[in-house]
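What follows is a single structure, written as structure tokens, with notes after it.
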Amino acid sequence: MSASARRSLATETAVAPRARVNGATQAAKDPSEKKAGPDAGRGPRAKPRVFVAADNRLLREALARMLTKKGEVEVTGLDSVAPLQVGHVTQANADVLLLSSRGTLNDDLLMIQQVHAAAPKIRILLLGMAKSDGEFLQCVRAGISGYLLHDASSEEVVEGARAVHAGEAVCPGRLCTALFRYFESDAASLPCGSARRRLGLTRREQQLVPLIAKGLTNKEIANHFSLSEQTVKNHLYRMKHKTGAEDRLDIVQLYRVQGFLV
């Protein structure tokens with residue numbers, strides 16, 4: 001065999017395997033030739049859309065940076081708690097409201113109640129500092145899905161937002177213990193179905209409470225039950241007298257605290 005023929009054979013032998021390897025690599029990279037796996041066609045995991053509400057602007061911005069740092073949560077809006085515009089939360093298409101406590105229990109309960117009544121699908125994660133187990137339990141009754149203390153770490157806040165978005169409950173261990181103690185000690189006094197136990201309201205008056213919670217006017221409630229508007233006003237007057245409530249929203253709050261309204 002001549003020297004030129006030997007060189008030609010050696011070249012073909014060296015190139016051919018490399019060409020086969022390259023061809024296999026190119027085929028693996030071709031999306032059209034990949035086998036469809038169990039996750040084919042699924043989009044990325046949806047991020048919780050969180051609306052941050054706090055009186056202090058620096059706190060709002062710090063919480064927003066904390067939530068978005070790892071890219072696991074999407075912040076859709078920021079607003080002050082005083083007063084919080086519930087419409088801003090719903091317009092922002094939020095899944096979770098991260099609500100910083102205003103410092104007083106009554107203010108927190110009223111805000112939780114208003115948000116829960118206007119947008120019941122939004123889960124509320126309250127960032128506060130409960131002075132007692134009783135305050136925490138009232139916030140749970142009012143409709144929060146999670147509670148974190150003000151000194152919670154950034155990881156705890158992010159995981160809390162993700163957890164409540166997934167339908168889980170979130171609270172520190174000490175407060176979780178308070179929940180168990182409450183149900184253990186007060187099992188005999190849990191809400192029952194009798195009208196006498198439901199704050200002394202009649203059956204008709206009880207039926208008004210969910211509609212009040214939805215924000216219906218007296219006229220709309222009257223039309224719902226085919227009553228006169230004056231009859232509804234009379235019912236509300238008697239309901240406030242029986243419960244000691246100052247106004248119609250206070251009646252709803254009392255019902256939530258007692259566990260009669262979810």
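Computed with every protein chain present, the accessible area of residue 159 is close to 100 Å² [probe 1.4 Å]. Apply the a/c threshold of 1.5 to the C-alpha gyration tensor of the stretch 57-120 and tell me whether it is rounded, prolate or oblate. Here the stretch 57-120 falls in the oblate category.
If each residue of separation counts as 0.36 nm, what is the full-extension length gain between residue 129 and residue 69 once their alpha-carbon separation is subtracted? Mind dumping the intermediate values first?
Working: separation 60, 0.36 × 60 = 21.60 nm, distance 2.45 nm.
Answer, rounded to one decimal: 19.2 nm.
Order 181, 102 by their accessible area, 1.4 angstrom probe, all chains in place, largest first. Don't jump to the answer; show the numbers that get you there.
Details: 181 115, 102 90 Å².
Sorted by accessible area, descending: 181, 102.
Calculated FRET efficiency, residue 46 and residue 104, Cβ-Cβ r, R0 35 Å, to nearest 0.05? The calculated FRET efficiency here is 0.50.
Sort 176, 139 by accessible area with a 1.4 Å probe, largest first.
Values: 176 45, 139 5 Å².
The residues order as 176, 139, largest area first.
The values are calculated or read from the model by the stated rules, or taken from the named source; none is laboratory data. It should be emphasised that the depicted structure is a prediction, and the values quoted were computed from it without experimental measurement. Every residue, glycine as well, gets a Cβ built from its backbone with ideal geometry; the counts of neighbours run over all protein chains shown. Surface areas here come from the heavy atoms of the whole protein model, side chains and all, with no ligands, DNA or RNA. Shrake-Rupley method; radii C 1.70, N 1.55, O 1.52, S 1.80 Å.
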